[in-house]
Amino acid sequence: MIKIDPHDRIDLTGPWAGFGFQGGHMFTPEGHQLDPCDMAWWSLTCNIAREWRLMMAEARAEVATRSVPPRKACATTKSSVIYLAEALRIRRERRLGVRGPGSDAETSNVVYMSRGPRPRQRV
């Protein structure tokens, strides 16, 4: 039977190449050290990454087709979850003055103030 000393460096292989364990901590290929309590957040990090991938895929599809309806949240349960993709879409529509279908409102003629060219500086 092989005994493993937790203070010896253990390098992982395959898709985990570059990661490893040493002294009760995990380290990354970039040299970051992860404490055991840091690993409790992996589920949240993975969920955020999955939502980001879905949001980017929807945005690419929307650009390609320009007719993708936004994803709807479940209306049967009360939730405090904010869908980032939906919030960004609403912000973008407000900023660009996009009208809803069947709306008689005109698009906004907002003129954004800018500072203009900078004066030349003496050296």
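The values are calculated or read from the model by the stated rules, or taken from the named source; none is laboratory data. Since the structure is predicted, the reported quantities are computational estimates derived from the model, not experimental observations. Every residue, glycine as well, gets a Cβ built from its backbone with ideal geometry; the counts of neighbours run over all protein chains shown. Just so you know, the surface numbers come from the protein's heavy atoms only, side chains and all, with ligands and any DNA or RNA stripped out. Shrake-Rupley method; radii C 1.70, N 1.55, O 1.52, S 1.80 Å.
Structural remarks
- Search result, residues across the range 9-51 that are surrounded by fewer than 12 Cβ atoms within 10 Å (Cβ to Cβ) and in a strand (DSSP E or B): Gln33
- Scoring Tyr83 on the criteria (1) under 12 Å from the mean Cα position of the chain (by Cα); (2) open to solvent by 80 Å² or more (accessible area, probe 1.4 Å); (3) modelled with pLDDT of 85 or more leaves a single failure, condition (3).
- Residue match in the range 60-76 (condition: assigned to a helix (DSSP H, G or I), among the hydrophobic types (A, V, I, L, M, F, W, C) and either at pLDDT below 70 or surrounded by 11 or more Cβ atoms within 10 Å (Cβ to Cβ) (or both)): yes
- Residues (of a type outside the set (Gly, Ala, Ser) and within 25 Å of the chain's Cα centre (by Cα)) located in the range 8-22: Pro15, Trp16, Phe19
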